[in-house]
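**Student:** First the structure, then my questions, so here it is.
The values are calculated or read from the model by the stated rules, or taken from the named source; none is laboratory data. On a predicted model such as this, the values are computed, not experimentally measured, just so you know. As a convention, Cβ positions derive from the backbone with ideal geometry for all residues, glycine included, and neighbour counts pool all protein chains shown.
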Amino acid sequence: MRGVILKKLSLFIASLLAGTFGIAAFAGASTTTHHAVAAHVTKHSSTLSPQLQLGQTLFDENCSSCHGIDAQGSMLAPKLQGRGAATIDLWVSSGWMPLAVPTDQPRRGVDKFTRVQTTAIADYVASIKAGGFAIPSGSIAGANVSQGQELFSENCAGCHTITGAGDALSGDLNAPSLHGLTTTQITEAIETAPGNMPHFYPGALTATQVKDVVAYVANDIAHPNNSGGIGLGGNGPVAEGFVGLFLGVGACLLFALWVGDRSEDDEEHETEAVKEAHV
Amino acid sequence: MIDGLFTWFDNRLAISRSGRHLLNKIFPDHWSFMIGEIALYSFIVLLATGVFLTLYFVPSGQDVIYHGVYKPLEGQVVSAAFKSTVDLSFAVRGGLLMRQMHHWSANIFIGSIVVHMLRVFFTGAFRRPRELNWLIGTTLMILGIVNGFLGYSIPDDLVSGTGIRIAYSILESIPFVGSYLATLLFGGVFPGDGSIIPRFFILHVLVVPLIILGLLGAHLGMLMKHKHSQFPGNGAREENVVGAPLWPNFFLKTQGFLFLTVAVTTLLGAFVQINPIWLYGPYVPFHVSYAVQPDWYMGWLDGALRVMPSWELHLPGHMIPNVFFPAVLMPGITFNVMMAWPWIEAKFSGDTAEHHLLDRPSHRPVRTAVGAAVLSFYFVLFGASATDVLANYLSISLNTVLLMFRVLCVVVPLIVYPITYFICKEMSQAKGGGRRKSFNVVIRSAEGGYSTVPTEAYAGYARETLEPVSVEEVDLSSILNGAEPTTPAGVYQIPRD
């Protein structure tokens, strides 16, 4: 009981302070919740499986300060209840979460946990309230890559670019690069539509189509067939232009400088030119 | 045997008489005079690789089903043009190398034309009597850009298809006649009846190259007629040409340069990927990829389209669309002013005399500053064609980057002009500018004083004094009979006509 009151109190203070002082209040809020975490864990842990216990511990330590003790959300971060394990797995495994500073833009990085720990967190959040998608297997057995290419061209290339290099969208938004993702992550992204990404599944794409796209992204976007030499990062004509001008024309100019002679003014002409320039 | 054959031909064609005149031509030797040759040799590479490509490319917008080496496209409906380009890349031996060499060569071709034009502009080589050749050169550059765009478009991949779509809109934006022109060219409303691929193809491989070839002949013919311009020094004057004779000096040098240019193109074609259309997939009018840019020589146009604020002109009964201003009006003004420049400059400077001696850019501060400012303007527009790429890599908002370029394309030229002008002023007044440095030794005396003593660069160094000598008559038949060339290495001069 004391835990619940403390928690509510702390949240109240946090919201109040956050509303009044913005980010400065965050430090205060997190120290207050710290006591609540301890009480919370001792109360419920005996009823959970070891997997969920691990998830709960990690969630309380790393996520609850912003997302709330029961993932109910706060002024700082959205509610995670009912989001499903796939969403949590994607955000944590892609390195977006947890954030060091809650106002930071999430940036892709390495997963800060082991695979077991990440899955445990995802399962724990999913156990609080049902909903969303379970972590997909990411199997691409029997997928039609060609179909995937066509669907990718139609649905994904508009933001992620046809080579999957990613690009800046209007405002501060950006479509991230699709290189270096696991099949599970790609499936999760299509299913759960993180951030500003539009929803494609279920609806626009069937489960088979999702698998086709995942297969194309995991195989041919991640490991493009770079026949013909260095791939220039899938940045197309901008990179090609720089190579063409600086390496191509540049090398030819250096050769010209090597083969050709340099000019030399004679005294008489120089003085004449200097005189002209004075006019 | 060869001797007899030569005499037989010479009796009928009189090669030795006209040939002698040609071989006696003097070419001034300066590295910047070889920039145009890069373009010439790239054009040869373009023709050679282009012929190879036409053997395998199918210029048709007809739908076919792709079956081939590249599995991610297996079974897709693509145009015959796209399929043949993918097959050319994967299934034809040496095909991808030829494609890549062709494309890199196009980049080098137009790039070297631009640099060549800059050389001609900043040294004042366009002045009387070379105004016509300046016109031809500018036309060649425009044709190069046009043909580059056409060639880039015909593989019918997703990225180039987007470019054609933009070209269609640009054509449509021309007041009054635009929609008719666009319909006429595309055989209907976009994407038309598929005839755009064969039409672009025949323009790309026949019509435009033929015009380029003709104008190239005129360009070089006029160069022969006027004789090459030259930098002052080494006895070069308005009324003579100082340099090396065509045979053997210049010919061998330029031959070597041909090999070097081809080598650069081949190395790029072999080791650096360009336009991997299989990764882009076929063009489907309702698909679009983000981050699509044209090749760099169209980049300034793309940048102008991006930078242009969304203004339209509403006339009674007719609206002139936004696209018209950056994509039709601006290039129109650009190319017209460029072509008219020799006359514009003559009007302002009042200088209508013949000039065969070139200017140092620093001796003509106004011209150099105008050129640099205009160049910087197009360079900013070129940068603006990559707003999204810059925003992504620098993690800045795309809107901020766009706004920044709107400001930069006004501010940068305004800053570049005065800076260039004052640098030129300073340089042109510096004593000894444009002359090779002499070698000095600084000696410290026992009392601690310093003195400078001129010295030789290395033991036995003698400062070369080059006194151009008149070219002797070269007898071609004697050379062909194995005689040593009568013109040993050195500096020669011939009078101008």
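**Student:** Output the number of residues of segment B:159-182 satisfying the condition of being within 14 Å of chain A (Cβ to nearest Cβ) and in contact with a Pro (Cβ under 7 Å, 6 or more places away or on another chain).
**Tutor:** So the answer is 1.
**Student:** Also: Considering only residues that are out of contact with any helix residue (DSSP H, G or I) (no Cβ under 8 Å at 6 or more places or on another chain) and farther than 30 Å from residue B:384 by Cα, which ones fall in segment B:319-347?
**Tutor:** Passing the criteria: B:346, B:347.
**Student:** Provide a single number: the residues in segment B:371-402 that are among the polar types (S, T, N, Q) and in a helix (DSSP H, G or I). Show your work before the answer.
**Tutor:** Taking segment B:371-402 and keeping what is among the polar types (S, T, N, Q), we get B:376, B:385, B:387, B:392, B:395, B:397, B:399-400.
Narrowing the set further to residues that are in a helix (DSSP H, G or I) leaves B:376, B:387, B:392, B:399-400.
Qualifying residue count, segment B:371-402: 5.
**Student:** Also: Select the helices (runs of 4 or more DSSP H) contained entirely in segment A:142-256, then report the ones holding at least 3 residues which are facing chain B (nearest Cβ under 9 Å).
**Tutor:** Where helices (runs of 4 or more DSSP H) fall fully within segment A:142-256 and carry at least 3 residues being facing chain B (nearest Cβ under 9 Å), they are A:145-155, A:157-160, A:237-242.
**Student:** In this structure, is residue B:174 surrounded by 23 or more Cβ atoms within 10 Å (Cβ to Cβ) and either of a type in the set (A, V, I, L, M) or within 19 Å of residue B:303 (Cα to Cα) (or both)?
**Tutor:** It is false that residue B:174 is surrounded by 23 or more Cβ atoms within 10 Å (Cβ to Cβ) and either of a type in the set (A, V, I, L, M) or within 19 Å of residue B:303 (Cα to Cα) (or both).
**Student:** Something else about it: Looking at the structure I just gave you, is residue A:170 polar (S, T, N, Q) and in contact (Cβ under 8 Å) with a residue 60 or more places away in the chain?
**Tutor:** No; evaluated as a whole, the condition is false for this residue.
**Student:** Could we say that residue B:110 is of a type outside the set (Lys, Arg) and not assigned by TED's automatic domain parsing to the domain that holds residue B:214 here?
**Tutor:** Judged against the criteria, residue B:110 is not a match.
Here is a yes/no grid of residues against (1) touching a residue at least 40 places away in the same chain (Cβ under 8 Å); (2) closer than 20 Å to residue A:177 by Cα:
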residue	(1), (2)
A:51	yes, no
A:54	yes, no
A:57	no, no
A:60	no, no
A:77	no, no
A:81	yes, no
A:85	yes, no
A:91	yes, yes
A:111	no, yes
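**Student:** Which one is modelled with the lowest pLDDT, of the residues in segment A:76-118 that are β-branched (Val, Ile, Thr) and either touching a Phe, Trp or Tyr at 6+ places or on another chain (Cβ under 9 Å) or surrounded by fewer than 21 Cβ atoms within 10 Å (Cβ to Cβ) (or both)?
**Tutor:** A:103
**Student:** Separate question: Tell me, which residue of segment B:290-300 that is modelled with pLDDT under 90 and surrounded by fewer than 24 Cβ atoms within 10 Å (Cβ to Cβ) is farthest from the chain's Cα centre (by Cα)?
**Tutor:** B:290
**Student:** Within segment B:186-207, does at least one residue satisfy the condition of being surrounded by fewer than 16 Cβ atoms within 10 Å (Cβ to Cβ), assigned to a helix (DSSP H, G or I) and touching a residue at least 24 places away in the same chain (Cβ under 8 Å)?
**Tutor:** Taking segment B:186-207 first, the residues surrounded by fewer than 16 Cβ atoms within 10 Å (Cβ to Cβ) are B:187-189, B:193, B:195, B:202, B:206-207.
From the residues that got through so far, the ones that are assigned to a helix (DSSP H, G or I) too are B:202, B:206-207.
Subsequent filtering for residues that are touching a residue at least 24 places away in the same chain (Cβ under 8 Å) retains B:202.
Looking through segment B:186-207, at least one residue is surrounded by fewer than 16 Cβ atoms within 10 Å (Cβ to Cβ), assigned to a helix (DSSP H, G or I) and touching a residue at least 24 places away in the same chain (Cβ under 8 Å).
**Student:** Restricting to segment B:91-117, what's the tally of residues that are over 14 Å from residue A:243 (Cα atoms) and either touching a Ser or Thr at 6+ places or on another chain (Cβ under 7 Å) or of a type in the set (Val, Ile, Thr) (or both)?
**Tutor:** The number of residues fulfilling the criteria is 9.
**Student:** Hey, another quick one. If we scan segment B:61-83, do we find a residue that is under 17 Å from residue A:225 (Cα atoms), at pLDDT 95 or above and within 27 Å of the chain's Cα centre (by Cα)?
**Tutor:** No - not one qualifying residue is present in segment B:61-83.
**Student:** Now, a different point. Can you name the residue in segment A:148-192 that is modelled with pLDDT under 90 and among the acidic types (Asp, Glu) and is also farthest from residue A:207 (Cα to Cα) among such residues?
**Tutor:** A:172
**Student:** Can you list the helices (runs of 4 or more DSSP H) found entirely within segment B:1-68 that contain at least 1 residues being within 14 Å of chain A (Cβ to nearest Cβ)? Step through it out loud before you land on a result.
**Tutor:** Values: elements: B:2-13, B:15-23, B:35-56.
Output list reads B:35-56.
**Student:** Quick one: how many residues across segment B:349-367 are out of contact with any Ser or Thr (no Cβ under 9 Å at 6 or more places or on another chain) and either more than 13 Å from every other protein chain (Cβ to nearest Cβ) or of a type outside the set (D, E, K, R) (or both)?
**Tutor:** 5
**Student:** Suppose the filter is among the polar types (S, T, N, Q), surrounded by fewer than 20 Cβ atoms within 10 Å (Cβ to Cβ), within 12 Å of chain A (Cβ to nearest Cβ) and farther than 25 Å from residue B:301 by Cβ; does residue B:451 pass it? Break it down into steps so the answer makes sense when it comes.
**Tutor:** Numbers: among the polar types (S, T, N, Q): yes; surrounded by fewer than 20 Cβ atoms within 10 Å (Cβ to Cβ): yes; within 12 Å of chain A (Cβ to nearest Cβ): no; farther than 25 Å from residue B:301 by Cβ: yes.
Answer is no for this residue.
**Student:** Looking at segment B:309-316, can you tell me whether even one residue there is modelled with pLDDT of 90 or more and closer than 22 Å to residue A:166 by Cα?
**Tutor:** no
**Student:** Test each condition in (1) crowded, with 20+ Cβ neighbours inside 10 Å; (2) more than 21 Å from the chain's Cα centre (by Cα); (3) within 28 Å of residue B:140 (Cβ to Cβ) for residue B:55 and report the one that comes out false.
**Tutor:** Residue B:55 satisfies all of (1) crowded, with 20+ Cβ neighbours inside 10 Å; (2) more than 21 Å from the chain's Cα centre (by Cα); (3) within 28 Å of residue B:140 (Cβ to Cβ) except (1).
**Student:** Here's something else I'd like to know. Quick one: what pairs do we get from segment B:301-319, first residue surrounded by fewer than 10 Cβ atoms within 10 Å (Cβ to Cβ), second at pLDDT 95 or above and polar (S, T, N, Q), C-beta under 6 Å, 6+ apart or different chains?
**Tutor:** Taking only residues 6 or more apart or on different chains, not a single pair turns up.
**Student:** Would you please name the residue that is surrounded by the fewest Cβ atoms within 10 Å (Cβ to Cβ), looking only at residues in segment A:150-164 that are within 11 Å of residue A:177 (Cα to Cα) and out of contact with any Ser or Thr (no Cβ under 6 Å at 6 or more places or on another chain)?
**Tutor:** A:159
**Student:** Okay, moving on. On the given criteria, is residue A:65 under 22 Å from the mean Cα position of the chain (by Cα), closer than 16 Å to residue A:218 by Cβ and of a type in the set (Ser, Thr, Tyr)? Working first, answer last.
**Tutor:** Values: under 22 Å from the mean Cα position of the chain (by Cα): yes; closer than 16 Å to residue A:218 by Cβ: no; of a type in the set (Ser, Thr, Tyr): yes.
No; evaluated as a whole, the condition is false for this residue.
**Student:** Would you call residue B:368 part of a helix (DSSP H, G or I), out of contact with any strand residue (DSSP E or B) (no Cβ under 9 Å at 6 or more places or on another chain) and within 24 Å of residue B:30 (Cα to Cα)?
**Tutor:** It is true that residue B:368 is part of a helix (DSSP H, G or I), out of contact with any strand residue (DSSP E or B) (no Cβ under 9 Å at 6 or more places or on another chain) and within 24 Å of residue B:30 (Cα to Cα).
**Student:** While we're on this one: Working only within segment B:69-84, note down all residues that are hydroxyl-bearing (Ser, Thr, Tyr) and within 13 Å of another protein chain (Cβ to nearest Cβ).
**Tutor:** Result: B:70, single match.
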